[in-house]
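Structure record follows, encoded as structure tokens.
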Amino acid sequence: MKLAFSLFGLFLAVQAGAASLPAGLRLIETSPALAKAVALRFPGEVRVLTENVILVPAALVPEISQVSHETTGHCGGFMDITDETGHKTSVRVTEALPSLGSKQPWIAELIDDVRAPNVRDFVGAYSGNFKTRLASSPEGASAPEWLRNAWENMARKAGRDDIKVETVPGPDGYAQKSVRITIPGADPELPVVVLGGHLDSINRRGSKVAPGADDDASGIAALTETFRVLLSSQARPKRTIEIFGYAAEELGLLGSRVIAQHYQATGRKVRAVLQLDMVAYPSEAHAVTFITDNVDRELTQWTEQLYGLYVGGDVKEDRCGYGCSDHASWTRYGYPSVMPFESPMGEMNHRIHTERDTWDELLDADHAAKFVKLAVAFAAQLSGE
Ligand SMILES: [Zn+2]
């Protein structure tokens, strides 16, 4: 009891930025159910501080996703909040979302340019180039450089010297960085539009082979095709568009949180954030499924409407559980985010986080292309007015 109490005091001090944890321990926030399950799995090693915050030896962090798979059937579902400071100060942008009347011809034209096979080809190239993209591995450290080069070459080929492609700091203690594309808007004072997916991968059984084709090379490939289409339009957006490949999502949404935290601390205004994490496995439903927790409700409804207008087809909604992907980092720091997902959670791709997450007949480029079309419409509509 005393131990728990003093650890709780330490937790509050860490949260307030007044103390740091002993080396080798990580502070993990998750759902009460997963916190309990992890504590039961590793008795004596895991301390439960509050019903949804646990203190875990760093070496056990990758095990949390395994426990999550087994107990909740969900992916991810936790945030590493060890190095977090100052969250939950709302910086919500109050700008109204544009009303969606009828299709704008210039956006419809951009969408016509989306090519589904490009998504499959990019997944093959990216996931095939690394045995794993685990944030703590040497290969994981080189994945961002590969991605930065690929995106930079696209910008240069299109003759767009105004577009910046760069690596940005990842989480402390990991060599893996995040990657950011900046397509500058005509008015740099306006809030920016953010699209993103995570560039890392993981094998939950500890194997060094983690192709992560669906999770999340598919999201990165969808963003790449979105970028190509936006490049092909010579129109300059009114607002800046940023496209991210986030580091270390699989270790607790680490890379995206460093970014959201930095944006909040420096007063950066963000109009809306779209997260693409797993977009190629259609399941039986073949429906784009909008996640309803850790997102902005109004932005989600608006994006569903946008999808109906420009893409069309079945749409579902589902809860993900706690903090399933990088959208939760943005939400945590007060920015409005939305996450369309490849399937209802109950039908999700069960080969993720294994050696078998490769591109084969279970993955579908046409399904992934729906997300590219949505991302193109999202970026164009929100940056253009
Ligand atoms: Zn993922």
Check: within 16 Å of the ligand (Cβ to nearest atom) and β-branched (V, I, T), is that true of I181?
Finding: no
Notebook entry, point to check: Checking R356 against (1) surrounded by fewer than 20 Cβ atoms within 10 Å (Cβ to Cβ); (2) away from the ligand (no atom under 16 Å from the Cβ); (3) over 16 Å from the mean Cα position of the chain (by Cα), which test does it fail?
Noted result: (2)
Check: Quick check: anything in segment 184-197 surrounded by 24 or more Cβ atoms within 10 Å (Cβ to Cβ), within 12 Å of the ligand (Cβ to nearest atom) and farther than 19 Å from V338 by Cα?
Finding: no
Item checked: Subset of segment 242-286 that is hydroxyl-bearing (S, T, Y) and over 16 Å from A328 (Cα atoms) - its residue that is nearest to the ligand (Cβ to nearest atom) -> Y281
Notebook entry, point to check: Residues in segment 71-93 that are modelled with pLDDT of 60 or more and among the hydroxyl-bearing types (S, T, Y): how many?
Noted result: 4
Next item on the list: Check segment 182-198 and report whether any residue there is among the small types (G, A, S) and closer than 30 Å to D360 by Cα.
Entry: yes
Notebook entry, point to check: Does segment 287-322 hold any residues that are polar (S, T, N, Q), away from the ligand (no atom under 16 Å from the Cβ) and out of contact with any strand residue (DSSP E or B) (no Cβ under 6 Å at 6 or more places or on another chain), and which are they?
Noted result: Q301, Q305
Margin query: Can you tell me which condition T226 does not meet? The list is (1) within 19 Å of the chain's Cα centre (by Cα); (2) more than 16 Å from the ligand (Cβ to nearest atom); (3) farther than 16 Å from D277 by Cα, and all the others hold.
Written below: (3)
Note to self: For segment 252-278: of the residues being hydrophobic (A, V, I, L, M, F, W, C) and under 12 Å from the mean Cα position of the chain (by Cα), which is nearest to P191 (Cα to Cα)?
What the structure shows: V273
Check: Which is touching a Phe, Trp or Tyr at 6+ places or on another chain (Cβ under 6 Å) and either within 22 Å of D83 (Cα to Cα) or part of a helix (DSSP H, G or I) (or both), of V179, V123, V119, V165?
Finding: V123
Notebook entry, point to check: When residues of segment 190-233 are filtered for being part of a helix (DSSP H, G or I) and of a type in the set (D, E, K, R), how many remain?
Noted result: 5
Notebook entry, point to check: Where residues in segment 323-336 are away from the ligand (no atom under 16 Å from the Cβ) and closer than 27 Å to I111 by Cα, which of them is surrounded by the fewest Cβ atoms within 10 Å (Cβ to Cβ)?
Noted result: P336
Next item on the list: Take segment 198-236 and flag every residue that is of a type in the set (A, V, I, L, M, F, W, C) and buried (at least 19 other Cβ atoms within 10 Å of the Cβ).
Entry: L199, I202, A210, A213, A217, I220, A221, A222, L223, F227, V229, L230
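The values are calculated or read from the model by the stated rules, or taken from the named source; none is laboratory data. In this text the structure is predicted, and so the values were computed from the model without any measurement. Don't worry about glycine lacking a Cβ; one is built from the backbone with ideal geometry, like all the others, and counts go over all protein chains shown.
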